[in-house]
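The values are calculated or read from the model by the stated rules, or taken from the named source; none is laboratory data. Owing to the predicted nature of the structure, the values given are computational and were not obtained by experimental measurement. Because the Cβ atoms are built from the backbone with ideal geometry, glycine has one as well, and the counts that use them run over all protein chains shown. Each accessible area value is taken on the protein alone, full model and side chains, heavy atoms only, with ligands, DNA and RNA left out. Shrake-Rupley method; radii C 1.70, N 1.55, O 1.52, S 1.80 Å.
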Amino acid sequence: MTAAPVLIIGARSDIGMALAHRYAAAGHPVQLAARASKGLEADAANIALRHGTSASVHEIDILEPESFAAFLDSLPQLPHVAICVVGLLGDQATSQTDIAAAQLTMRSNYEGPALLTGLIAERFAARGSGTIIGISSVAGERGRASNYVYGSAKAGYTAFLSGLRNRLSKTGVHVMTVLPGFVRTRMTAGMDLPARLTAEPAAVAEAIFRAATKQRDVIYVKPVWRLVMAIIRAIPEGIFKGTKL
Amino acid sequence: MMLSGWGRFPQQWCALHQPRDEAEVRAAMATGPRIARGNGRGYGDCAMQRNATIEMRRFNRMLAFEEETGQLVTEAGVLLAEVIDTFLPRGWFPPVTPGTKFVTIGGMVAADVHGKNHHRDGTFGRFVDWIDLMGEDGEVRRCSPQENAELFAWTIGGMGLTGVILRVAFRLRRVESAWIRQTTLPARNLDHVMALFEENGAATYSVAWIDCLNTGSGLGRSALMLGEHACADELSRTRRNAPFSVPAKRSRTMPVDLPRAALNRMTVKAFNALYYRNARAAAGDALVDWDSYFYPLDAILEWNRIYGARGFMQFQCVLPLDSAHAGLTELLRAIIASGEGSFLSVLKRMGAEHGPFSFPMEGYTLALDFPFSSGTARLMERLDAITLDHGGRFYLAKDARMSAATLRRADPRADVLAKVRRDAGLANFRSSQSERLCL
Ligand SMILES: Cc1cc2nc3c(=O)[nH]c(=O)nc-3n(C[C@H](O)[C@H](O)[C@H](O)COP(=O)(O)OP(=O)(O)OC[C@H]3O[C@@H](n4cnc5c(N)ncnc54)[C@H](O)[C@@H]3O)c2cc1C
Ligand SMILES: NC(=O)c1ccc[n+]([C@@H]2O[C@H](COP(=O)([O-])OP(=O)(O)OC[C@H]3O[C@@H](n4cnc5c(N)ncnc54)[C@H](OP(=O)(O)O)[C@@H]3O)[C@@H](O)[C@H]2O)c1
């Protein structure tokens with residue numbers, strides 16, 4: 001097997017699993033990282049059987065930064081592509097009054113993903129190659145009443161990835177930011193999502209896979225979101241603060 | 001949500017669960033009466049339960065494969081199409097396949113499906129090594145001929161009434177190519193096609209399309225199609241280099257429900273005549289790719305919509321060998337007399353019976369479908385009566401309307417199943433069908 005290994009952090013998520021299948025279908029060995037990762041053994045077997053590639057399973061908790069270095073050391077090989085899918089929507093109303101809940105959302109969407117991708121970036125930079133893909137969100141483009149705790153953490157992650165890309169642009173390490181709109185996953189199960197703005201996990205994986213080979217910097221998955229977010233960002237704050245979006 | 005089977009009749013509101021893991025299956029089960037559902041390719045109400053219908057499509061992982069024995073372990077919701085996509089390029093094919101590849105492995109076990117090779121190889125259940133089954137208590141039991149043997153036997157062909165199938169180990173067969181050597185034999189009438197079936201008992205695959213509208217001496221006019229997996233050296237030189245690749249096909253989707261009038265007696269007649277003529281023209285040998293050979297209907301996705309919004313009904317019975325000729329003659333005459341055309345009519349020689357509740361028995365099976373109308377119901381009752389008179393029985397995967405009394409008269413095993421279910425405390429695994437049939 002000569003194809004480059006791909007690390008997926010948060011592999012249990014629907015988007016993460018779709019990515020694992022997409023890369024495995026292209027012949028890449030995949031490293032599936034998640035918390036309570038034992039449950040992913042069956043998924044690894046499934047990927048290996050279907051695509052004839054190797055798939056390994058690794059334990060990671062994004063809330064334990066002190067374990068990150070050991071986690072990277074334990075991988076069978078430093079990957080060539082590392083994708084961080086970890087995220088936590090949380091409950092906005094709860095986060096407004098419960099500091100611990102707000103903190104968990106912030107740490108799960110910003111602190112953990114940023115610290116881990118940052119560490120991986122250092123190793124990639126030392127090697128002189130690699131692709132880092134961070135899944136952030138359109139929710140980070142502008143804070144809204146309905147989800148600003150989650151949104152602000154995603155905004156932080158988006159800014160972190162942007163800075164990382166800027167710094168590493170001359171090193172051979174590529175950084176791509178993914179800003180999905182609505183995706184039909186466990187995170188959004190039961191929500192009433194507008195069909196035209198909603199993507200399936202497999203479509204998200206396909207879009208990421210293609211964009212990564214073209215070394216794109218920032219993608220929205222469904223192009224219509226670029227327009228939607230341009231409009232939302234353009235609304236003057238004086239008007240925006242009175243809206244319900 | 002509103003659910004139905006492939007025949008789109010009956011439709012019923014059911015609470016639908018789509019579990020991802022065992023805990024979620026258990027939670028769905030805890031709500032009370034429930035039935036497992038695969039991909040909804042059963043025609044009637046066998047995979048529907050108002051209180052809780054547990055769709056198993058998210059159990060879609062392949063878990064292990066053993067090269068020496070061909071044993072594949074999958075979760076119950078894996079589609080047969082996925083198994084073929086994954087393993088045919090490596091030289092393996094399902095040991096038994098129904099006429100559509102869009103069925104789940106769990107559904108294949110629960111209906112104990114038969115294919116064109118039933119006369120030689122039996123049902124799918126004969127290739128199943130073990131099943132992991134979730135029972136009333138939420139526990140998962142490994143069932144095999146050695147362990148929980150009785151539960152194993154009743155689960156194969158048990159129509160979901162013994163528990164929820166989670167995982168299945170079954171054996172694939174080796175093939176040398178993705179091609180089938182097909183021989184088409186036109187048959188003038190019923191005598192002729194039955195004689196041809198008996199003469200060709202050694203063929204791996206055999207099935208006949210029967211023209212249900214031709215009368216008199218041409219009653220039962222049909223085209224018998226035999227098939228063998230082609231060996232590599234039977235392929236042309238270019239194909240031999242890539243024996244498992246076949247030309248890509250485009251599938252079409254039936255865009256809208258056709259109005260009822262589009263499928264009248266005329267079109268059925270024209271279709272049947274055309275089919276027979278084509279068969280005559282194509283008489284002889286041909287190399288056909290696996291997909292066209294086994295799954296001609298799958299090329300038109302959602303083809304069930306040609307019957308319009310009211311749906312259609314399937315009828316499938318099997319008649320024992322000694323009364324098959326008389327029974328089939330009467331069945332065909334009844335169809336002609338009714339004026340209801342059957343669009344797709346398939347006749348097949350079946351091999352020996354196997355399993356405590358599986359449909360097949362040694363004899364002939366006839367499968368028909370009719371667009372739903374008031375006249376159809378009467379015709380179906382007539383067909384039921386003829387089947388009963390000739391000692392036949394009915395395929396539950398196709399049934400949407402039979403009465404409990406008819407089932408009991410056809411199949412004394414129904415009462416045995418009902419008792420097994422009572423004794424083992426399995427009564428809450430129940431579908432709309434099993435409620436109708438008092439199983
Ligand atoms: C075009 C077409 C051609 C066909 N040709 C044939 C043929 O040649 N031979 C043949 O034998 N059949 C044939 N069938 C019928 C089909 O093979 C069966 O109905 C099969 O069971 C459908 O599988 P499914 O996954 O769609 O199951 P469903 O239709 O969803 O369910 C069928 C039954 O299986 C049970 N079941 C499903 N999954 C589970 C599970 N995980 N645990 C427990 N019970 C479960 C359900 O409760 C239900 O009783 C055909 C159907 C179509 C539409
Ligand atoms: N769905 C959408 O509409 C949408 C829109 C925009 C952006 N996104 C982003 O897309 C990504 C994937 O989300 P999804 O929709 O697929 O939902 P998801 O299934 O909830 O995925 C989130 C993943 O993050 C993992 N995770 C959370 N906390 C963790 C921790 N402490 N340690 C390790 N892993 C942790 C979860 O692991 P467990 O499985 O162990 O819980 C889960 O696999 C997320 O970053 C999300 O914010 C989603």
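Some values worked out for this structure:
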| read-out | value |
| --- | --- |
| The stretch B:63-76, subset touching a strand residue (DSSP E or B) at 6+ places or on another chain (Cβ under 9 Å) and within 12 Å of chain A (Cβ to nearest Cβ), residue surrounded by the most Cβ atoms within 10 Å (Cβ to Cβ) | B:Thr74 |
| Residue in the stretch B:3-18 that is within 12 Å of chain A (Cβ to nearest Cβ), in a loop (DSSP other than H, G, I, E, B), out of contact with any helix residue (DSSP H, G or I) (no Cβ under 6 Å at 6 or more places or on another chain) and not aliphatic (A, V, I, L, M) present | yes |
| Counted residues, the stretch B:19-36 - those being buried (at least 16 other Cβ atoms within 10 Å of the Cβ), away from chain A (no Cβ under 14 Å) and touching a residue at least 40 places away in the same chain (Cβ under 8 Å) | 7 |
| Residue under evaluation B:Pro95, criteria (1) touching an Asp or Glu at 6+ places or on another chain (Cβ under 7 Å); (2) open to solvent by less than 10 Å² (accessible area, probe 1.4 Å); (3) within 25 Å of B:Ala248 (Cβ to Cβ), criterion not met | (3) |
| Residue list for the stretch A:41-59, restricted to those being charged (D, E, K, R) and open to solvent by 30 Å² or more (accessible area, probe 1.4 Å) | A:Glu41, A:Arg50, A:Glu59 |
| Of all residues making up the stretch B:352-375, the number that are touching a strand residue (DSSP E or B) at 6+ places or on another chain (Cβ under 7 Å) and at pLDDT below 95 | 5 |
| The lone exception for B:Tyr43 - which of (1) away from ligand 1 (no atom under 12 Å from the Cβ); (2) crowded, with 19+ Cβ neighbours inside 10 Å; (3) hydroxyl-bearing (Ser, Thr, Tyr) it fails | (1) |
| Complete set of residues in the stretch B:385-410 that are farther than 25 Å from B:Thr53 by Cα and open to solvent by 10 Å² or more (accessible area, probe 1.4 Å) | B:Ala385, B:Leu388, B:Asp389, B:His390, B:Gly391, B:Arg393, B:Ala405, B:Thr406, B:Arg408, B:Arg409, B:Ala410 |
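This table checks each residue for (1) among the aliphatic types (A, V, I, L, M); (2) within 15 Å of ligand 2 (Cβ to nearest atom); (3) open to solvent by 70 Å² or more (accessible area, probe 1.4 Å); (4) within 14 Å of chain B (Cβ to nearest Cβ).
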residue: A:Ala159; (1), (2), (3), (4): yes, no, no, no
residue: A:Gly163; (1), (2), (3), (4): no, no, no, no
residue: A:Thr171; (1), (2), (3), (4): no, no, no, no
residue: A:His174; (1), (2), (3), (4): no, no, no, no
residue: A:Ile208; (1), (2), (3), (4): yes, yes, no, no
residue: A:Ala230; (1), (2), (3), (4): yes, no, no, no
